């Protein structure tokens, strides 16, 4: 892989290898797991942020943790349709922040990325350019996953991340 990936992976490693974060492989985000979705958002935002000389460490960490809510809202929404499913878009940023701050130290930019990634559903707009970037990248990737991805399609970045995680585990 290239130098950009190595930089990304070094920043992401403490989160990617955390056992609770790894639980996100069990939860769906349209056609991918939440884990894979978060990695794609983080890597894509990292690439743009690097070109714009932004705080790439906060971008990677915040983007990885932006959907760290630890439940499958598709399944939970069927059990509690009026409580969770209809409110998920409005509430999961706060739940993701609560989980992320419990397991990881967060700087103010990372906190803002996580809490504001659902703007305008979350009323307060992002405070930092890094937060705006993750918000936009998340929306673009979600749109692409929802409308254009097929189950089983892979991405070279995801293949490399999973390969390295498997290698570390063995």
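Okay, here's what the table says:
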item	result
Search result, residues across the range 44-70 that are surrounded by fewer than 23 Cβ atoms within 10 Å (Cβ to Cβ) and under 16 Å from residue 145 (Cβ atoms)	44
Residue count for the range 135-152, restricted to those that are touching a strand residue (DSSP E or B) at 6+ places or on another chain (Cβ under 9 Å) and modelled with pLDDT under 80	3
Answer residue from the range 56-74, given it is over 16 Å from residue 136 (Cβ atoms) and part of a loop (DSSP other than H, G, I, E, B) and is modelled with the highest pLDDT among those	68
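The values are calculated or read from the model by the stated rules, or taken from the named source; none is laboratory data. Here the structure is a predicted model, which means the values were calculated and not measured. In this analysis, Cβ positions are derived from the backbone assuming ideal geometry, glycine residues included, and neighbour counts consider all displayed protein chains.
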